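**Student:** Dropping a structure here in structure tokens format, bear with me for questions.
The values are calculated or read from the model by the stated rules, or taken from the named source; none is laboratory data. Just so it is clear, the structure is predicted and the values come from calculations on it, not from any experiment. When we count neighbours, we look across all protein chains shown, and the Cβ atoms used for this are built from the backbone with ideal geometry, even at glycine. Note: areas computed on protein heavy atoms with side chains; ligands, DNA, RNA excluded. Shrake-Rupley method; radii C 1.70, N 1.55, O 1.52, S 1.80 Å.
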Amino acid sequence: MPSGALLFQSVILGLLLGGLYALLAAGLTLYFGIMRVVMIAHSAFLILAAYLAWWTHTRLGIDPLLSMIVTVPLFFGAGVLLQRGLLSRLRAITLTMMSVLLTFAVALIIEGLLGYAFTGTQRRIQLGYGSAGLQVFGARIAVVKLIAFGLAVLALAALYLLMKKTTFGWALRATIQHRDAARLVGIDTERVAGYGFGLGLATAAIGGTALSLDTTIYPSLHWHWIGPLMAIIVVGGLGSVPGAAAAAVLLGLIQSLLQIPLGTTWAQTIFYLALFATLAFRPQGFFGGRLAQRF
Amino acid sequence: MAAESPRRKTQANSQSEIELVDVQAGYGRAAPVLRGFSVAVPAGSVVCLVGPNGAGKSTVLKVASGLLKPRSGRILVGGKDVTGTGPQRMLAAGVALVLQGHSVFREMTVEENVLLGGYTLKDKAKAADRAAFVKDLFPVVAERWGSLAGLLSGGQQKQVEFARSLMVDPKVVLLDEPSMGLDPKATSTIFEQVARMRDAGTAVLLVEQNARRALETADIGCVLDLGRVHISGPAAQLLADPQLGELYLGGRPAEPKVTPKS
Amino acid sequence: MLSVSRAVGLVVLAAAVLSFPGLAPNPYILSAGIVVLNYAVLATSWNFVGGFTGYISLGHGALAGLGGYGTALLVTKAGLPSFVALAVAALAVAALAVPIGLAALRVRGASFVIVSIALVLILLLVFQSWSSVTGGSRGLVVPRPFPDLLRPEHHRVFYYLFAGLLALALLAWWVIDRSRFGLGLKAIREDEDKAEALGTPTFTYKLIVFVVSAGFTALAGGLYALWFGDLDPVFQFSILTGSYLVLMALLGGVRNLFGPLAGALIVGTALEYFKGQFGNTPLHLVATGVLLGLVVMFMPDGVLPAITGLWQRLRKSPQSSIREVSAADLQTERQRAEVAK
Amino acid sequence: MRSSLRRTRWATALGATTILALGACSGDGDGGSTATDDPILVGISLPLTGDFSEPGKGVQQGYEAWAKITNDKGGLLGRQIQLKILDDQSNADRVVADYEQLIGSDEADLVVGPFSTRLVVPAARVAEEYGMLFVEPAGAAKEVFSQGFKNLFYAAPAVANDHYNHLAEYLLALPADKRPKTVAYAAMDDPFAQGTAYGLKDKLEAAGIKTVVNEVYPPNTTDFSSIAAKIASSKADMLVGGSQYQDGVNLIVALQQLNYQPKLAAFSGAPTNPEFAKAIGNKTEGVLSPTGYSPDAPYPSNKEFVEKFTAQFGKAPDEDQANAYTTGQVVAAAVTAVGCAEQGDCQKKLVDWVHGNKVETVVGPLSWDQTGKPQGAHMIQQWVGGRIRIVLPEAVKEAEFVYPKPAW
């Protein structure tokens, strides 16, 4: 029987992890909402951002967080280009299937280029405060994890405000929810879709930076992330950002707790079990989102 | 009517708000759906297109709203030729389309839905004015102002869509099957609202399966078949025509029933 | 109906495939031939789902892995003879495909792809972790079905076994293609809602064809395990394998009987070429990615339809004196040369 | 490319038809050359890309150093050594295809092993079935030796399970009240890494030392906080990590974050890495690691190896390079003793020779049992005073064993 302290520690770790999952899943949800695109390359971009953060720190000697000044706009632009230049040119009838393959190809290209530029060696940022921890009600929280979590929360909050309070956010939500109707009220849905993609990819830039603070990175790491993220967006209900966030935190928590009795590997299966259970019993997802059944 | 647009009053009947002239249109390389179709919607009137399935009714609205470019023919809005411009331009010219089925933004509030109708308005004050106007015109919209649009009943959603389309103060609203999927009670409400829109000064081009009910509301009826106008005339006249009734309106006129005309 | 030219082509193709072992200069080339045949069987099996219904599965690598492990476990744990184990394993995988299909096919498009990816990842986790049965990361050794054969002979036998399996898969595809069942499936590909409205039992059809596809994939995976001899979860349950199959089928042409086969030849060769070309850098991944991207963007119907189209155009206008030599032309030539050799 | 390497070595052995066939394929025009002045082609497949690429490249350097050093001294049997290295992309399918190609198509005279247990077994099977001698630098897990291979030899002092033998002896010799009472194990799901940790676990458990945590994590694990939480919560006296490099570092950092302070911490792969100290914030004092190789080891050939390797690559060799070099040394010893290097009957003679003899190498004298398992043990190194030093066995120690270890 695990001790109370270990349980509490695991709950904290699960929440911290869930925050990062939520941010990353938000990006995937955006793409899906906008174009019904399952963006396989999202986690490859995530690793790319982590590498850029690592590079910033190792080669330039400055704080990895500063890399976001470059990566966030860069990824935004890349997202716009990806949507306008490639995805929007696919035939509408086979868009969902072909976009999977196209983004898969993008993921392979990123992985290959990362391996070419930085070799397959595992990398890790070594921060002065890397091993520091805080004592909180008997649990210890690593400072770097807290920073990563803070980044994720800030980014999610910013995303929320953007979606709720700005004209662009309204236009983006309208485009996601009913593209034709959005066009008919005068929204340039093509452009909004492009920016929406940029926004999604920008979350990967932030997520990647957060990720780089406390884990090892290597070029093929993105395969490790794409599964859980896919599971999260399905469980949350394809297309629903709040649903994805809820599913992310919940699954992160369950994963963390399951690691106590089951160990690392078996605990990961929770994502896929949740995915299969969702599709078998409630294909529209557990937290809203009405698109799953149709698409 | 409490909420009438003064501008429209002065313009009434001076000309057609929208006019499609000899339009040929179709999809891809297939044979044209519309073959020399013409219709005019006079200011302050409801024009109703009826006709069998596949006659091209929805295509007319796609052309009129700029979603589909005609292969030939002209589209005039307020007398100006706007042929071949996209939906954005058509909206700016004063043509708003309300799609078939449900097209509210379900995960957004009624307020957000309606205000998005004024997305193209630069003038904040005007948007606020229009919002007040449509809230007045559609009491349901005002009542459910803060709720998620997806939670409203079908008829209520349709009214939100009407309200949304009126935000830009269009000259003409195109309605594609507004009563589709609604129960008879909601259908009655919707047609009442169509009449109110007209009375408030917006011309309406209406496409309906529920032809008899629609013609009861409309001023002018057009029977569309095989891609062109078959018969057109005052709606009441079409309703009364027994032959037409048999062909296009689903049998003989029903037993005289009380229809709420406003 | 087979036209005369088709029949001749078929005979030439069969002759080329069957004479390859005699012509291969050394066992290495023969083993490379087996790898390509294995890819061809897998891509053709994939095409039962991908080609007929338009559902793209990135998870067929996992079904092949299941076939491999199933065969291996039935041989080592249950003591079945190798080829009995292969048949039983394929049936078991086909049976397992029913619940998988029930979850994956209830939903359309995107979710299906996600499920197919998830299938690979979860099986990887399970086969890695459940090491008391699967051997986990220590791997699983599959006993040789013909322990007395020397390696070159062993290759030769398996070459013909794979060729036979390929013929069987192609035949099954051909039969379905011509059946009412196939017609229903193709209706799903074109417009699933319409197909459903017209009374096609779309779900049942999709499920049946998914099960057939899974069965053939498992046969290929199991046969490969018997030939190869070593199983490791990391290599058996790899998304990359699945993506190669998709690339092959798509490149060759998913609506064409021989599309996946042609794709396997081209991609198999290309993968070798990339590996040789980029040496010890991971740029071969980039090249594969670019190839996949180009196919998706510019040739989603595949090379065979492109070539057929070209051929028909040439035949229609034989009077055009200058024959344009396009990339597709060269490709045809090269392929013919390859098939003939 | 391949044809230029193809040689006509079988000329006398296999008769006229073979000469014709090979001559036609080779096209290098010197079909009449006699076997003795041709280079000896050594075929190797290594993971130069993919998951194992880092150690794979280390092994490559070891082989290259061996070829250069041997060739500079006049080669083997008066023939130059020519390496043909293929990239297997860390993939078992590839490694088999590579050895098929090396043996069947390139007709390598000798083949030596790849990196990682996962790739050694399939590779060894190809070599076995073509009757080739197969000395390998990296298949340390016990499974490698239970496959019934007759031609396989592991060119290192000990298999994974025996790496900690000296440490186990030391701990069990301590008075009962000073011994660690509880141990936490965390091992990567990899036959080699698990082998090292479990070899020690078996011995300690047999002596009644309790296992309180036993975690296995997949090779791609990047976040160790949950595993660390379990270990920290167990308050185990001793920590044993069956690790390669980065996972060991990650686990230590995660444990530091939780302020877990064991009395003893041993990791199989990480502490000998030159970047280890910096990676864990220089809090290395007392961390243990088994090693099969030390650049300072007194064996005769080692001095030459370290010197020439450093000249060639600008840094001292570590274990991966040394194991590859050792592999070369074993093969060279066999070739020199038997007097041949080619496919066919010669291979059987080479195998028999290795089975029956002891070879002096840079990791010490090596001999093997019938399964190809080496009969030795690893040294135990420990970080003492900011450097990693040999502390066990007593006979070769460079520093005193520090126990309990200071806080990190």
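**Student:** Got at least one residue in region A:174-191 being within 14 Å of chain B (Cβ to nearest Cβ), open to solvent by less than 10 Å² (accessible area, probe 1.4 Å) and closer than 25 Å to A:Ala246 by Cβ?
**Tutor:** yes
**Student:** Quick one: is C:Ser179 of a type in the set (Ser, Thr, Tyr), farther than 16 Å from C:Ala89 by Cβ and either crowded, with 23+ Cβ neighbours inside 10 Å or over 21 Å from the mean Cα position of the chain (by Cα) (or both)?
**Tutor:** So C:Ser179 fits the description; yes.
**Student:** Please specify each residue of region D:257-278 satisfying the condition of being of a type in the set (Gly, Ala, Ser) and at pLDDT 85 or above.
**Tutor:** D:Ala265, D:Ala266, D:Ser268, D:Ala277, listed by residue number.
Results for (1) open to solvent by 20 Å² or more (accessible area, probe 1.4 Å); (2) within 30 Å of C:Gly221 (Cα to Cα); (3) modelled with pLDDT under 90; (4) facing chain C (nearest Cβ under 9 Å), shown as yes or no for each residue.
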site: D:Asp88; (1), (2), (3), (4): no, yes, yes, no
site: D:Asn91; (1), (2), (3), (4): yes, yes, yes, yes
site: D:Arg94; (1), (2), (3), (4): yes, yes, yes, yes
site: D:Leu102; (1), (2), (3), (4): no, yes, no, yes
site: D:Ala108; (1), (2), (3), (4): no, no, no, no
site: D:Ala123; (1), (2), (3), (4): no, yes, no, no
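**Student:** Which one of the conditions (1) within 12 Å of chain D (Cβ to nearest Cβ); (2) modelled with pLDDT of 90 or more; (3) outside any helix (DSSP H, G or I) does A:Pro2 fail to meet, given that it meets all the rest?
**Tutor:** Here A:Pro2 clears every test but (2).
**Student:** Here's another thing I want to ask about it. With respect to D:Leu76, is the statement that it is crowded, with 21+ Cβ neighbours inside 10 Å, more than 8 Å from chain C (Cβ to nearest Cβ), touching a residue at least 12 places away in the same chain (Cβ under 8 Å) and within 21 Å of the chain's Cα centre (by Cα) true?
**Tutor:** Answer is no for this residue.
**Student:** What are the residues in region C:182-211 that are within 13 Å of C:Phe52 (Cα to Cα) and open to solvent by 40 Å² or more (accessible area, probe 1.4 Å), if any?
**Tutor:** Listed by number, the residues that qualify are C:Leu183, C:Lys186, C:Arg189, C:Glu190, C:Asp191, C:Tyr205, C:Ile208.
**Student:** One residue is enough: does region D:54-61 have a residue meeting the conditions free of Cβ contacts under 8 Å to residues at least 40 places away in the same chain, touching a Phe, Trp or Tyr at 6+ places or on another chain (Cβ under 8 Å) and buried (at least 24 other Cβ atoms within 10 Å of the Cβ)?
**Tutor:** No: region D:54-61 contains no residue that is free of Cβ contacts under 8 Å to residues at least 40 places away in the same chain, touching a Phe, Trp or Tyr at 6+ places or on another chain (Cβ under 8 Å) and buried (at least 24 other Cβ atoms within 10 Å of the Cβ).
**Student:** Restrict the check to region A:216-225 and report whether at least one residue is over 30 Å from A:Phe118 (Cβ atoms), touching a helix residue (DSSP H, G or I) at 6+ places or on another chain (Cβ under 9 Å) and either modelled with pLDDT of 85 or more or of a type outside the set (Val, Ile, Thr) (or both).
**Tutor:** For region A:216-225, residues over 30 Å from A:Phe118 (Cβ atoms), touching a helix residue (DSSP H, G or I) at 6+ places or on another chain (Cβ under 9 Å) and either modelled with pLDDT of 85 or more or of a type outside the set (Val, Ile, Thr) (or both): absent.
**Student:** So which helices (runs of 4 or more DSSP H) are wholly in region C:185-252 and hold at least 1 residues that are more than 27 Å from C:Met299 (Cα to Cα) and among the small types (Gly, Ala, Ser)?
**Tutor:** Answer list for region C:185-252: C:192-197, C:202-228.
**Student:** May I ask you to list the residues in region D:153-173 that are modelled with pLDDT of 90 or more and either within 14 Å of another protein chain (Cβ to nearest Cβ) or out of contact with any helix residue (DSSP H, G or I) (no Cβ under 8 Å at 6 or more places or on another chain) (or both)?
**Tutor:** Selection gives D:His166, D:Glu169, D:Tyr170, D:Ala173.
**Student:** Can you name every residue in region B:58-74 that is crowded, with 21+ Cβ neighbours inside 10 Å and of a type in the set (Gly, Ala, Ser)?
**Tutor:** If the condition is that a residue be crowded, with 21+ Cβ neighbours inside 10 Å and of a type in the set (Gly, Ala, Ser), then B:Ala64, B:Ser65, B:Gly66 are the ones that fit.
**Student:** Suppose we keep only residues that are more than 16 Å from C:Pro81 (Cβ to Cβ), of a type outside the set (A, V, I, L, M) and without any contact (Cβ under 8 Å) to a residue 12 or more places away in the chain within region C:143-172. Which one would you say is most open to solvent (accessible area, probe 1.4 Å)?
**Tutor:** Selected residue: C:Glu153.
**Student:** Pairs, please: C-beta under 7 Å, at least 6 apart or cross-chain, first residue at the interface with another protein chain (Cβ under 7 Å from one of its Cβ atoms) and in region A:107-136, second surrounded by fewer than 17 Cβ atoms within 10 Å (Cβ to Cβ) and part of a loop (DSSP other than H, G, I, E, B)?
**Tutor:** So the pair list comes out as A:Gly133/D:Asn259.
**Student:** A follow-up question, please. In this structure, does A:Leu66 turn out to be free of Cβ contacts under 8 Å to residues at least 24 places away in the same chain and within 14 Å of chain C (Cβ to nearest Cβ)?
**Tutor:** For A:Leu66, the condition - free of Cβ contacts under 8 Å to residues at least 24 places away in the same chain and within 14 Å of chain C (Cβ to nearest Cβ) - is not met.
**Student:** Within the bounds of region B:222-235, is there any residue that is within 30 Å of B:Pro32 (Cβ to Cβ), in a strand (DSSP E or B), open to solvent by 30 Å² or more (accessible area, probe 1.4 Å) and of a type in the set (S, T, N, Q)?
**Tutor:** yes
**Student:** Among A:Leu24, A:Leu52, A:Leu7, A:Leu60, which is within 26 Å of A:Arg140 (Cα to Cα) and surrounded by fewer than 24 Cβ atoms within 10 Å (Cβ to Cβ)?
**Tutor:** Of A:Leu24, A:Leu52, A:Leu7, A:Leu60, the one residue that is within 26 Å of A:Arg140 (Cα to Cα) and surrounded by fewer than 24 Cβ atoms within 10 Å (Cβ to Cβ) is A:Leu7.
**Student:** What's the total number of residues in region B:71-103 that are under 26 Å from B:Ser147 (Cα atoms) and over 16 Å from the mean Cα position of the chain (by Cα)?
**Tutor:** Residues meeting the conditions: 0.
**Student:** A:Thr166 - would you say it is more than 8 Å from every other protein chain (Cβ to nearest Cβ) and open to solvent by 10 Å² or more (accessible area, probe 1.4 Å)?
**Tutor:** In short, yes.
**Student:** In the list C:Gln277, C:Gln319, which residue meets the criterion of being at pLDDT below 80, within 14 Å of chain A (Cβ to nearest Cβ) and farther than 29 Å from C:Arg189 by Cα?
**Tutor:** C:Gln277
**Student:** Taking the condition within 14 Å of another protein chain (Cβ to nearest Cβ), part of a loop (DSSP other than H, G, I, E, B) and touching a helix residue (DSSP H, G or I) at 6+ places or on another chain (Cβ under 8 Å), does C:Pro143 pass?
**Tutor:** yes
**Student:** Suppose we filter D:Phe224, D:Phe192 for residues that are in the same structural domain as D:Asn273 (by TED's automatic domain parsing) and open to solvent by 40 Å² or more (accessible area, probe 1.4 Å); which single one remains?
**Tutor:** On inspection, the qualifying residue turns out to be D:Phe192.
**Student:** Hey, among the residues in region D:215-239 that are of a type outside the set (A, V, I, L, M, F, W, C) and more than 9 Å from every other protein chain (Cβ to nearest Cβ), which one's farthest from D:Lys373 (Cα to Cα)?
**Tutor:** Only one residue fits best here, namely D:Lys235.
**Student:** Same structure, new question: D:Asp247 - would you say it is surrounded by 24 or more Cβ atoms within 10 Å (Cβ to Cβ), among the charged types (D, E, K, R) and not in a strand (DSSP E or B)?
**Tutor:** For D:Asp247, the condition - surrounded by 24 or more Cβ atoms within 10 Å (Cβ to Cβ), among the charged types (D, E, K, R) and not in a strand (DSSP E or B) - is met.
**Student:** Which of the residues that make up region C:125-140 are more than 9 Å from chain A (Cβ to nearest Cβ), part of a helix (DSSP H, G or I) and open to solvent by 10 Å² or more (accessible area, probe 1.4 Å)?
**Tutor:** Passing the criteria: C:Phe127, C:Ser131, C:Ser132, C:Val133, C:Arg138.
**Student:** Let me ask something additional. Look at D:Pro262 and say whether it is crowded, with 22+ Cβ neighbours inside 10 Å and in a loop (DSSP other than H, G, I, E, B).
**Tutor:** When the stated conditions are applied, D:Pro262 passes them.
Residue-by-condition table, conditions (1) without any contact (Cβ under 8 Å) to a residue 60 or more places away in the chain; (2) open to solvent by 40 Å² or more (accessible area, probe 1.4 Å); (3) not small (Gly, Ala, Ser):
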| residue | (1), (2), (3) |
| --- | --- |
| D:Gln321 | no, no, yes |
| D:Ala337 | yes, yes, no |
| D:Trp353 | yes, yes, yes |
| D:Arg387 | yes, yes, yes |
